[in-house]
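Engineer: Just passing along the structure, written as structure tokens.
None of the figures in this text is laboratory data; all of them are computed from the coordinates on show. None of these values were measured; they are calculated from a predicted model. Heads up, the Cβs are rebuilt from the backbone with ideal geometry, glycines too, and the neighbour counts pull from every protein chain shown.
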Amino acid sequence: MAFLIESSKYLMKNIFCSFLNPIKRNSAAEVVHTGVFSVRSVCYSATMDQIKAVLIDLSGTLHIEDTAIPGAQEALKRLQSSGLKTKFVTNTTKEPMRTLYDRLMKLGFNVKRSEIFTSLTAARGLVEQKQVRPLLLLEETAKEDFEGIGTDNPNAVVVGLSPTSFNYERMNEAFRLLLDGAPLIAIHKARYYKKADGLLYLGPGPFVSGLEYATDKKAEVVGKPEKTFFLEAIRDLGIDVENTVMIGDDARDDVGGAMKAGMKGILVKTGKYRAGDEKKITPEATALCDDFPAAVDYILSSLS
């Protein structure tokens, strides 16, 4: 049964973006109630109309490896044309900033390199702040983002996603440094990620946790879902957290982390998303959308 929303702001506990139930739009906003709210750019939250900046995850949200999410390029253009500020945030630690930027440009995403904020960037900042010489458990390509940082005679351990480093010899090297008092810096603690073959792979989180357990030491985490990561990502935008929304495929690291930092969060059902992920975080996501284009439609309609 359809009903007309009297105000352009409609407060709901759960909002779902979906293309499954066709919705008509009239002068204000019209929705179909089917037991669950189903929306595609017509339902409003009392807080979403104040959004001024959008943080966007990369892998799993805009693209999966070298394949763009269908319609993502055009959706990004609509978002950029709206006047909202955008920032691209990622926990990717296997590749340097240069590779991430080149991939986005190759896939047809019009972005500026300065608009990309990575967990590698955040980790480098912490290493410089602590003035330490890190043992970098990173892929060789990712070490490009640590160029100029001294690594001889290491007195700290930095862990990212590095399948070639997660072997007994290298892990023991890190283990012994930590026992001698070296700080443990985790670029992030993601449990798993999804590749183009459709399979899930272990992230750096299990390896970081193993080092923590073996040394009775707590890692300092710099990437998502840490609050400091999200705050640093928007620092140069001049936008408050309550006026920012995060779009991502990881319920815990993208959406959960952003919302705990005070932002809104939109979970998309692409990438590593698995059915029921939205129920695993508190507070619940501001919206659950099929994909990035649907999330953009939802944001823009909330502002209209």
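Engineer: Name the residues whose placed amide hydrogens come within less than 5 Å of the amide hydrogen of residue 88, ignoring near sequence neighbours (fewer than 5 apart) on the same chain.
Structural biologist: For residue 88, whose amide H was placed from the backbone, the distant partners under 5 Å are 56, 116, 117.
Engineer: Using θ = phi - 60° and the Karplus relation 6.51 cos²θ - 1.76 cosθ + 1.60, list the HN-Hα couplings for region 207-223 in order, rounded to whole Hz, with x at every Gly or Pro.
Structural biologist: Ordered by residue, 3J(HN,Hα) equals 6, 5, 4, x, 5, 4, 5, 5, 10, 6, 10, 9, 6, 8, 9, 10, x Hz.
Engineer: Amide H of residue 60 versus every other amide H placed in the peptide plane: which residues, excluding those fewer than 5 positions away on the same chain, fall under 5 Å?
Structural biologist: Here 65 satisfy the definition.
Engineer: Could you go through region 171-178 in sequence order and give the Karplus-derived ³J(HN,Hα) for each residue, using 6.51 cos²θ - 1.76 cosθ + 1.60 with θ = phi - 60°, rounded to whole Hz, and x for Gly and Pro?
Structural biologist: Result, rounded to whole Hz: 5, 5, 4, 5, 4, 5, 4, 5.
Engineer: Continuing with this model, one more query. In what sequence, highest mean first, do 263-276, 206-219 appear when ranked by Cβ atoms within 10 angstrom?
Structural biologist: For the peptides 263-276, 206-219, the packing ranking is 263-276, 206-219.
Engineer: Determine, for each peptide in 177-190, 65-78, 283-296, the mean count of other beta carbons within 10 angstrom over its residues, then list the peptides with the highest first.
Structural biologist: 283-296, 177-190, 65-78
Engineer: When ranked by the protection proxy of mean other Cβ atoms within 10 Å per residue, highest first, what sequence do the peptides 133-143, 249-259 form? Before the final figure, lay out each step's value.
Structural biologist: Numbers: 133-143: 20.0, 249-259: 26.3.
The densest-packed peptide leads the list: 249-259, 133-143.
Engineer: Can you give the translational diffusion coefficient of region 120-221 in µm²/s, computed by Stokes-Einstein from the Kirkwood radius over Cα pairs at 10 °C and 1.306 mPa s?
Structural biologist: On the way: Rh = 13.8 Å.
The diffusion coefficient I find is 115 µm²/s.
Engineer: Output needed: percent of Cα pairs per 5 Å distance bin for region 249-304, bins running from 0 to the one holding the longest distance.
Structural biologist: 4, 22, 32, 23, 15, 3, 0
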